[in-house]
Amino acid sequence: RNYLESIHHSMTDSLITLNNNYAIITANDAARNFFQIDSKRLPFMDIRVLLGQQNAKIVKQIEKVYQFKQAITEYDAPLRIGEADKYININFIPLNDTQGTQKGQVLIFEDISMEKRMKRTLTRYMTKDIAEKLLSDPDRISLGGTSSKATILFSDISDFTVISENLPPEKIVEFLNKYYSIMVDIVFKHSGTLDKYIGDGIMAVFGVPYTHTDDAERAVRTSLEMVGSLVQFNKEIRRFGIPPIKIRIGISTGTVISGNIGSEKRMDFTVIGDVVNISSRLENLNKYYGTTILMEENTRREIGDKFAVRPIDLALIKGKSRPIEIFEAMGDTGYVVPEEKIFFSKGLEHYRKKEFSKALYHFNLSKNDDPPSLKFLKRCEHFIKNPPPNDWNCVWDSKQNEQT
């Protein structure tokens, strides 16, 4: 008996036993703490009084067990204690003696309020199924990092500073909230994780905390849907007097360190690594080229022929010693490439062969409708007058910006 009582009081779950008249016979220490009741009030206190009208659904389950003499388990049930809202898992178990005569009930309450709050927080940053998987893997909730391959997506609103200067603060907040809601829903639709908001920008991760074989593909598809969603969004913001917006997106794939970074009291789940910096640089390079969605060579390799993609440049990005090839995502595989973009691709082929006069001809055909063509046209004009060295590797240094 002493041994069983020790087990009873050592349990972290709240355990209450009832007789056949709803009266509490025993309650362990966890139950007294959980329900905030004085042990002197407990003997033969009515469980219906303890739970109150606010927990009528739980009382009904107790009545069912008395009536049908079968155990019931209730998951993720709301429980009101005073002014506090809790979430619990409850086991309602008939209490029988050795002859099978019902002597009452055993109630076991498992407090999952903390898990519920954590899940609610996590689902702001990732889809519900990923959040649940993460919660079932406690090692990933602690401080520390994991190395894995992931695809990073950076997006930003073009010329947002100009837009915000003409709006009162409350309208800016309303505008951003509507914009974020649409964009994050698209990220979650493709099982991406929201890493952070950066001003009017969004950083999303595909492959963290759990990798998929098609992370790069899902990131590119997300970017295309984000751009496509602006058609309807721009119609809706007209009533705020806001001009149509455009966004810029950079996508990069590679190895990242992901995990909780910070202190035990305050930590953020995030990713760090060179690939993060590259995607941010690519997003910014859209401004130079006049493009919308730029990706680097690793992402291009990962997506195969799933999308319509064209090469843009071979560039030396700030912080990188090795040049990387840059591509623009134009659409899905069924995308019909416009004539001006075909002219650009032909011009780029001649440009990389140092056939600048031929390249200039094609860039001239597309300069009015394809912003990258205008950039390369100027470069061709420069190289016709100032030919590059024989060992020229077609690399443009992004650190020099407008310099050819």
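A few notes on this one:
- Evaluated at q = 0.23 Å⁻¹, a Debye calculation over the C-alpha positions of the stretch 48-107 (equal weights, vacuum) places log10 I(q)/I(0) at -0.94.
- Vicinal HN-Hα couplings computed from phi for the stretch 43-48 (Karplus, 6.51 cos²θ - 1.76 cosθ + 1.60; Hz; Gly/Pro x): x, 6, 6, 6, 4, 5
- Checking the Cα-Cα distances for LYS235/LYS306; LYS287/LYS378; LYS196/LYS320 against a 20 Å cut-off, the pairs over it are LYS235/LYS306; LYS196/LYS320.
- Built amide H within the under 5 Å cut-off of ILE81, gap 5+: LYS86
- Whole-Hz couplings from phi, Karplus 6.51/-1.76/1.60, listed for the stretch 91-100; x for Gly and Pro: 10, 9, 10, x, 9, 10, 8, 5, 8, x
- Share of carbon and sulfur in the accessible heavy-atom surface of the chain [1.4 Å probe, %]: 50
- When the GluC sites (Glu not before Pro) in the stretch 301-404 are filtered for DSSP coil states and for at most 16 other beta-carbon atoms within 10 Å of their beta-carbon, the remaining sites are GLU355, GLU402.
- Look at the Cα gyration tensor of the stretch 311-356: its axes a ≥ b ≥ c give a/c of at least 1.5 with a/b at or below b/c, and that counts as oblate.
- Probe 1.4 Å, protein heavy atoms only - accessible area per residue of the chain in square angstrom: 53
- Signed unit charges on C-beta, dipole axis of the chain, positive-most listed residue TYR335, VAL162, TYR75: VAL162
- Pairwise Lys count, the stretch 15-106 - Cα closer than 20 Å, eight or more residues apart or different chains: 7
- Residue with peak Gaussian network fluctuation, the chain [Cα springs, cutoff 10 Å], from ARG218, ARG41, ARG379: ARG41
- The gain in end-to-end length when the ILE25 to GLN232 segment is fully stretched comes to 68.2 nm, 0.36 nm per residue minus the alpha carbon separation.
- Compactness relative to 2.2 N^0.38 Å, alpha carbon Rg of the stretch 287-334: 1.17
- When restricted to Cα atoms, the chain yields an Rg and a Dmax of 30.8, 105 Å, respectively.
- Value at 222 nm in deg cm²/dmol, rounded to 500, when DSSP H runs of n ≥ 4 in the chain each add -39,500 (n - 2.57): -12000 deg cm²/dmol
- Ranking ILE7, TRP392, ILE272 by Cα position along the charge dipole of the chain, where only Lys, Arg, Asp and Glu carry charges on their C-beta atoms, puts TRP392 farthest toward the positive end.
- FRET efficiency, PHE240 to THR333 (Cβ-Cβ, R0 45 Å, nearest 0.05): 0.80
- Based on alpha carbons, the Rg and Dmax found for the stretch 1-82 are 13.0, 36 Å.
- Look at the Cα gyration tensor of the stretch 187-310: its axes a ≥ b ≥ c give a/c of at least 1.5 with a/b at or below b/c, and that counts as oblate.
- Placed amide H near SER148: partners under 5 Å, 5+ positions off or other chain: VAL256, SER258
The values are calculated or read from the model by the stated rules, or taken from the named source; none is laboratory data. From a predicted model like this one, the values you see are computed outputs, not experimental measurements. Positions of Cβ are generated from backbone atoms using ideal geometry, with glycine treated the same way; all protein chains shown enter the neighbour counts. Note: areas computed on protein heavy atoms with side chains; ligands, DNA, RNA excluded. Shrake-Rupley method; radii C 1.70, N 1.55, O 1.52, S 1.80 Å.
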